[in-house]
Amino acid sequence: MQRRTFLKGSLAGSTVAVAVGAGLLTPGAVMAAWPKRAFETEDMQTAMNDLFGTAQTEPTDDISIKAPDIAENGAVVPVSITSGIAGIEEIAIIAEKNGTPLAANFKLADNAKGFVSTRIKMAKTSNVIAVVKAGGKAYSARKEVKVTIGGCGG
């Protein structure tokens, strides 16, 4: 069994090495750029500025947030965002009262449907804010989620 594992690993490593050597696979193309400062900041306004260039958003009913009204465990809160706004470029999920409020940021390809679904951690009861960037403008919607057991160390 160890021999088979060794052979599979060697074959996979060789394939990657050939792809890198041929220029088909570059580390820059594989590694996604991510807004590190926005994810590490403890202030929601700073996170918004880092992501979208502004903290101002236009509230809209064209964004739907599907999340539980009461999350029994803040460590795993399912959140789905759906929007029919045309030309969506990004969707961000913010847990307003978390120590680091930016929970997720998705960059969408052209003509992608405005839908994302993930699970986030929430430290305590707060608003979940969905921010959708489309056509150079930022739109938002919010929903309060009550957390009974904290997920961020609570």
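Computed from the coordinates by the stated procedures, all read-outs in this text should not be read as laboratory data. Nothing here was measured: the structure is a model prediction, and the numbers come from that model. Don't worry about glycine lacking a Cβ; one is built from the backbone with ideal geometry, like all the others, and counts go over all protein chains shown.
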Worksheet item: In the structure displayed, which of LYS36/LYS124; LYS36/LYS146; LYS36/LYS133; LYS113/LYS146; LYS107/LYS133; LYS97/LYS137 lie more than 21 Å apart, Cα to Cα?
Response: LYS36/LYS124; LYS36/LYS146; LYS113/LYS146; LYS97/LYS137
Worksheet, complete the sentence: Output row, site ASN49, 7 Å Cα→C-beta label point, backbone N cut-off 16 Å, window the range 84-101, residues 101
